[in-house]
1. Inspect all residues belonging to the range 104-114 and state whether any of them is within 13 Å of Thr37 (Cβ to Cβ) and within 12 Å of the chain's Cα centre (by Cα).
2. If I ask for residues that are over 17 Å from Ile143 (Cα atoms) and within 10 Å of the chain's Cα centre (by Cα), which ones from the range 82-94 would you list?
3. Tell me, which helices (runs of 4 or more DSSP H) wholly within the range 46-153 include 1 or more residues that are closer than 19 Å to Asp26 by Cβ?
4. Going residue by residue through the range 109-118, is there one that turns out to be over 19 Å from Ile78 (Cα atoms) and open to solvent by 30 Å² or more (accessible area, probe 1.4 Å)?
5. Search the range 153-162 for residues being surrounded by 15 or more Cβ atoms within 10 Å (Cβ to Cβ) and not aliphatic (A, V, I, L, M), and hand back the single one that is nearest to the chain's Cα centre (by Cα).
6. Across the range 73-104, what is the number of residues that are over 15 Å from Met55 (Cβ atoms) and surrounded by 24 or more Cβ atoms within 10 Å (Cβ to Cβ)?
Amino acid sequence: EVGRLAGQMGDAIMGAMEDAATKAIDFEDAFSNVRKTVDGSEEDYAALTDEIRRMALEIPVAAEELANIAASAGQLGIKKDNVIEFTRTIADLGVSSNLAGEEGATMLARFANITQMPQDKFRNLGSAIVDLGNNSAATEAEIAAMALRLAGAGEIVGMSEGDILGLAAA
């Protein structure tokens with residue numbers, strides 16, 4: 001009986017170690033895409049790695065998925081200093097709303113580019129979208145999609161990002 005239990009424990013430990021190794025490899029693969037899209041030094045990449053891993057402990061999103069969002073951020077023109085805030089905002093939206101992943105990242109980045117919103121305001125943008133989603137008949141994804149369609153015209157006539165989001169929710 002003891003031998004059988006020891007064997008089962010050994011199998012469980014080996015399985016856990018294999019799973020940890022696989023997750024580490026998956027993260028490194030995903031982070032290699034961050035290196036391709038975000039300009040930085042080795043020190044910058046080490047800091048991004050630490051922040052992404054820390055974030056994965058704070059919210060229910062895997063480090064690999066966070067690295068994929070960070071890679072999308074770089075691809076969408078988000079500056080290195082704003083990648084973590086952008087990644088956190090998209091991850092939080094994915095947890096708390098139906099606006100998530102690459103689609104959410106693309107919508108928010110394009111909206112910011114069109115309206116010339118400062119890149120350090122993504123947290124505010126995400127909060128506004130969630131608040132509007134909670135207090136209107138539209139979902140967060142619908143609000144973001146409509147806001148993106150309205151952004152160009154809104155920018156031309158001098159509407160703020162908040163005005164555009166409010167109109168989109170209405």
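1. Checked against the condition, which is being within 13 Å of Thr37 (Cβ to Cβ) and within 12 Å of the chain's Cα centre (by Cα), the range 104-114 yields at least one hit.
2. Val83, Ile84, Glu85, Phe86, Thr87, Arg88, Ala91
3. 63-75, 83-96, 101-115
4. no
5. Among residues in the range 153-162 that are surrounded by 15 or more Cβ atoms within 10 Å (Cβ to Cβ) and not aliphatic (A, V, I, L, M), the one nearest to the chain's Cα centre (by Cα) is Glu161.
6. 3
The values are calculated or read from the model by the stated rules, or taken from the named source; none is laboratory data. All of these numbers come straight from a predicted model, not from anything done at the bench. Note that each Cβ is placed from the backbone with ideal geometry, even for glycine, and that neighbours are counted across all protein chains shown. Just so you know, the surface numbers come from the protein's heavy atoms only, side chains and all, with ligands and any DNA or RNA stripped out. Shrake-Rupley method; radii C 1.70, N 1.55, O 1.52, S 1.80 Å.
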